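Nothing in this text is a laboratory measurement; each read-out follows from the coordinates by a stated rule. All values derive from a computational prediction rather than experimental measurement. Cβ: placed from backbone, ideal geometry, glycine included. Neighbour counts: every protein chain shown.
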Amino acid sequence: MTILKQISTHKAVYENSEISIYLNELHIPSGMFNGVWYAEISYPSEKLYTLPLNRKDDLEAIFDRYEEDNRVNVAELNEEVT
């Protein structure tokens, strides 16, 4: 298993002669936020889909889109908090 591309939330892995796209494991410790207590949250790494190996050149565009989605989600969350 070889990681071909990775960002904080997703990774592309070469395995079984194809490319697997995973959502990375997420762990958020318990704590207080805006006066509300939140329990610890953990999600295991999850395989989202596979691509044929000949689509390796598409990984840059796919991960650019994930990074843009992440920026939008963080901006929306920041708006809700303020």
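Helix 59-81 sits at what angle to the longest principal axis of the chain, using alpha carbons and giving 0 to 90 degrees rounded to 10?
With rounding to tens, the tilt is 10 degrees.
Would you work out which of ASN24, LEU59, ILE3 lies farthest towards the positive end of the dipole of the chain? Charges go on Cβ: Lys and Arg +1, Asp and Glu -1.
Ranked along the dipole, the leading option is ILE3.
Could you size up the charge dipole of the chain around its Cα centre, putting +1 on the beta carbon of Lys and Arg and -1 on that of Asp and Glu, and report it in debye to the nearest 20?
Values: 7 positive and 15 negative charges, 53 e Å.
So the magnitude is around 260 debye.
Which of the following values of Cα extents along the principal axes in Å was calculated from the structure shown: [x] 116, 18, 8; [y] 48, 20, 19; [z] 50, 23, 15?
Recomputing Cα extents along the principal axes in Å here picks out [z].
Just tell me which lysines come within less than 16 Å, Cα to Cα, of LYS47; anything on the same chain fewer than 8 places away is out.
Partners within reach: LYS5, LYS11.
Stretched out fully, how many nm does the piece from VAL36 to VAL72 gain, at 0.36 nm a residue minus the Cα gap?
Contour length minus Cα-Cα distance gives 10.5 nm.
Provide the per-residue ³J(HN,Hα) series for segment 9-20, in order, calculated from phi with Karplus coefficients 6.51, -1.76, 1.60 and θ = phi - 60°, each as a whole number of Hz, with x at glycine and proline positions.
Here the 3J(HN,Hα) series is 10, 9, 8, 10, 10, 7, 8, 6, 6, 8, 9, 9 Hz.
Can you list the residues, at least 5 places off or on another chain, whose amide H is less than 5 Å from the amide H of ILE19, using H built in the peptide plane?
It is LEU51, LEU53, by chain and number.
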